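Asks: Quick one: the structure is below, and I'll ask about it shortly.
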Amino acid sequence: MTYTQIVLLRGINVGGHKKIRMKDLVLQLKNEGLTDVQTYIQSGNLVVRSKISCPTTLSEQIAICIRQHFSMEVDVIARTLTEFRRAMEENPFLSNPDIDPAKIYVTFLKHIPTPDVIQALTAIHFPPDEFVWKGGEIFVFCVNGYGRTKLENGLFERHLHIKATTRNLNTIQKLITLAT
């Protein structure tokens with residue numbers, strides 16, 4: 001049996017750092033036994049099929065592959081297709097018709113935070129921007145866009161002590177489409 005998973009690589013090919021040609025990565029991942037490896041844009045968005053059902057195990061395998069073949073450390077965050085769809089369906093900002101979907105983002109956490117760590121989020125307020133934490137994701141609405149918000153990826157990583165990566169709704173929808 002094979003499992004479809006969506007894989008997000010943190011910080012790949014952004015600002016000239018951690019450059020990996022997606023064509024080369026696809027080849028290496030296929031050599032690792034993954035099938036139907038597809039990429040979306042050059043910034044570390046993948047859809048893969050694998051015999052590995054656990055997203056954490058798959059993330060570790062891909063991180064090792066990148067370390068061995070590209071000599072760099074990359075945080076890898078994987079979700080099952082079901083989990084990725086749920087992140088879209090449960091996004092609390094999508095139910096508000098007055099919110100522009102282009103200003104909604106999802107920050108995917110590498111691990112689900114413990115309740116004591118979640119307490120750190122209660123101190124974060126940067127109106128008019130808002131966020132809602134739910135499980136392994138933080139849903140972010142940025143009135144003036146992601147480039148101008150203080151609710152950026154690094155802020156959540158510092159407060160939660162968990163690696164994370166953020167994607168816009170368009171990218172999330174494209175990955176779901178690729179995976180189905």
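Asks: What tally of residues in region 130-180 results from selecting those that are out of contact with any Pro (no Cβ under 7 Å at 6 or more places or on another chain), under 15 Å from I6 (Cα atoms) and buried (at least 16 other Cβ atoms within 10 Å of the Cβ)?
Replies: Within region 130-180, residues that are out of contact with any Pro (no Cβ under 7 Å at 6 or more places or on another chain), under 15 Å from I6 (Cα atoms) and buried (at least 16 other Cβ atoms within 10 Å of the Cβ) number 14.
Asks: State all residues of region 74-87 that are surrounded by fewer than 15 Cβ atoms within 10 Å (Cβ to Cβ) and either touching a residue at least 24 places away in the same chain (Cβ under 8 Å) or touching a helix residue (DSSP H, G or I) at 6+ places or on another chain (Cβ under 9 Å) (or both); if no residue qualifies, say none.
Replies: none
Asks: While we're here: Considering each of G147, G135 in turn, give the residue that is closer than 28 Å to I20 by Cα and of a type outside the set (A, V, I, L, M, F, W, C).
Replies: G147
Asks: Where in region 1-107 are the strands (runs of 3 or more DSSP E), entirely inside, with at least 1 residues that are under 15 Å from N170 (Cα atoms)?
Replies: Hits in region 1-107: 3-9, 35-39, 45-50.
Asks: Test of understanding: among H159, H125, H111, which residue is assigned to a loop (DSSP other than H, G, I, E, B) and more than 22 Å from T80 (Cβ to Cβ)?
Replies: One residue alone meets the criteria, H125.
Asks: Six or more apart or on different chains, Cβ atoms under 7 Å: show the pairs whose first residue is in region 128-143 and more than 20 Å from P113 (Cβ to Cβ) and whose second is assigned to a strand (DSSP E or B) and of a type in the set (S, T, Y).
Replies: Listed by first residue and then by second, the contacts come to C142/Y105.
Asks: Return the residue satisfying two criteria in turn: it lies in region 105-120 and is closer than 13 Å to E137 by Cα and among the aliphatic types (A, V, I, L, M), and of such residues it is modelled with the lowest pLDDT.
Replies: Step by step, filter region 105-120, then rank; the result is I118.
Asks: Further question on the same structure: Looking at region 70-79, can you tell me whether even one residue there is within 15 Å of T2 (Cβ to Cβ) and outside the structural domain of C142 (by TED's automatic domain parsing)?
Replies: yes
The values are calculated or read from the model by the stated rules, or taken from the named source; none is laboratory data. Keep in mind the model is a prediction, meaning the values are calculated, not measured. Every residue, glycine as well, gets a Cβ built from its backbone with ideal geometry; the counts of neighbours run over all protein chains shown.
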